[in-house]
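This report concerns only the one structure given below.
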Amino acid sequence: MPATEQGTEGTRALQELEDGRASVRLRAAMAIGTTPDPRFVGKLVERCAVEPEFLVRDMLTWALTRHPVSLTLPELVREVRSQRARARSQALHTLSKIGDRRAWPAITRAVLTDADDEVARTAWRTAVVLVPEGEESALAAVLVTQLGRGGRETRMSLCRALIALGDVVEPALRDAVTAPDPDVRAHALATRRLLLDPDSGFEYAIEEAKRVVALGGAGGEGGRAC
């Protein structure tokens with residue numbers, strides 16, 4: 001395709017990212033990713049922050065991964081500090097797909113403990129992907145401070161992140177299983193069981209943790225595991 005024609009198609013696709021129809025926005029994001037253009041990176045990141053449809057956001061992320069990391073990384077790291085929760089969450093998700101560990105400094109304690117559950121869940125998944133060798137224990141120490149947080153989906157996400165780190169999480173879980181808060185204890189017990197026996201299944205680990213805590217195991221009355 002001639003450069004002028006390609007430029008026209010790209011401009012049209014950018015305009016269509018603002019269309020009221022999700023199908024049109026999805027097609028536009030696919031077109032931009034198919035024919036990457038450095039000039040479009042800023043607009044893609046900007047759209048990620050406000051796009052309401054999951055499938056379109058995922059296509060925007062794919063389009064960003066098709067562009068040079070040298071251009072996308074600074075923009076995405078900046079978005080991680082955005083005031084908008086969706087912007088933070090989608091930027092973190094995209095960083096996990098790019099997988100460049102130069103983004104690791106952006107995964108701060110504040111990001112890992114974000115007040116928004118969706119942002120926090122995305123941050124945990126991203127941290128596991130980006131954590132440099134030797135930093136796993138420090139990451140685990142921060143993640144265990146979130147045990148007992150949120151509803152089932154949030155707790156499941158934290159279990160998965162901790163388990164993905166492997167045996168380095170065991171020292172961090174040791175104190176959590178005797179924490180005063182029964183929800184923290186139950187969540188920690190469920191995570192430990194899955195760490196030791198991944199085949200036991202998430203639901204079984206949850207119910208077993210609830211039973212143990214309810215019976216006074218690891219100290220005290222029952223709590224809500226996950």
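The values are calculated or read from the model by the stated rules, or taken from the named source; none is laboratory data. Since this is a predicted model, take the numbers as computed values, not measurements. Glycine also receives a Cβ, built like all others from the backbone with ideal geometry; neighbour counts cover every protein chain displayed.
Cβ separations smaller than 8 Å between residues 6+ apart or across chains give no pair from the range 97-122 residues that are under 18 Å from Arg86 (Cβ atoms) and at pLDDT below 95 to residues that are β-branched (Val, Ile, Thr) and assigned to a helix (DSSP H, G or I). Any residue in the range 150-161 that is crowded, with 24+ Cβ neighbours inside 10 Å, assigned to a loop (DSSP other than H, G, I, E, B) and in contact (Cβ under 8 Å) with a residue 24 or more places away in the chain? For the range 150-161, residues crowded, with 24+ Cβ neighbours inside 10 Å, assigned to a loop (DSSP other than H, G, I, E, B) and in contact (Cβ under 8 Å) with a residue 24 or more places away in the chain: absent. Quick check on the range 116-124. Is at least one of its residues more than 13 Å from the chain's Cα centre (by Cα) and aromatic (Phe, Trp, Tyr)? Checked against the condition, which is being more than 13 Å from the chain's Cα centre (by Cα) and aromatic (Phe, Trp, Tyr), the range 116-124 yields no hits at all.
Of all residues in the range 15-63, those satisfying the criterion of being charged (D, E, K, R) and either touching a Leu at 6+ places or on another chain (Cβ under 8 Å) or more than 17 Å from Arg86 (Cβ to Cβ) (or both) are Glu16, Asp19, Arg21, Arg25, Arg27, Asp37, Arg39, Lys43, Arg47, Glu51, Glu53.
I'd like to check something: does the range 45-57 contain any residue that is in contact (Cβ under 8 Å) with a residue 24 or more places away in the chain, farther than 24 Å from Ala120 by Cβ and assigned to a helix (DSSP H, G or I)? The answer is no, given that none of the residues of the range 45-57 is in contact (Cβ under 8 Å) with a residue 24 or more places away in the chain, farther than 24 Å from Ala120 by Cβ and assigned to a helix (DSSP H, G or I). Being surrounded by fewer than 17 Cβ atoms within 10 Å (Cβ to Cβ) and closer than 21 Å to Thr154 by Cα is the requirement here; does Pro68 meet it? The answer is no for Pro68. State whether the residues of the range 17-36 include one that is within 28 Å of Gly148 (Cβ to Cβ), modelled with pLDDT of 95 or more and more than 14 Å from the chain's Cα centre (by Cα). Scanning the range 17-36, I find no residue that is within 28 Å of Gly148 (Cβ to Cβ), modelled with pLDDT of 95 or more and more than 14 Å from the chain's Cα centre (by Cα), so the answer is no. Cβ-Cβ under 8 Å, sequence separation 6+ or interchain: first residue in the range 185-206 and modelled with pLDDT of 85 or more and among the hydroxyl-bearing types (Ser, Thr, Tyr), partner buried (at least 18 other Cβ atoms within 10 Å of the Cβ) and not in a helix (DSSP H, G or I). Which pairs? These pairs meet every condition: Thr191/Leu147. Residues satisfying the criterion are absent from the range 75-88 (criterion: farther than 24 Å from Ala115 by Cβ and outside any loop (DSSP other than H, G, I, E, B)).
Taking the range 173-192 as the range and being among the basic types (Lys, Arg) and surrounded by fewer than 22 Cβ atoms within 10 Å (Cβ to Cβ) as the test, only Arg174 passes.
Scan the range 94-104 for residues that are surrounded by fewer than 22 Cβ atoms within 10 Å (Cβ to Cβ), assigned to a helix (DSSP H, G or I) and not charged (D, E, K, R) and the total you get is 3.
Scan the range 2-9 and tell me whether some residue there is of a type in the set (D, E, K, R) and at pLDDT 95 or above. Break it down stepwise before answering.
We begin by selecting, within the range 2-9, every residue of a type in the set (D, E, K, R); these are 5, 9.
If we keep only those that are at pLDDT 95 or above as well, we get none.
Scanning the range 2-9, I find no residue that is of a type in the set (D, E, K, R) and at pLDDT 95 or above, so the answer is no.
If the condition is being surrounded by fewer than 18 Cβ atoms within 10 Å (Cβ to Cβ) and touching a Lys or Arg at 6+ places or on another chain (Cβ under 7 Å), then the range 74-93 contributes only Ser82.
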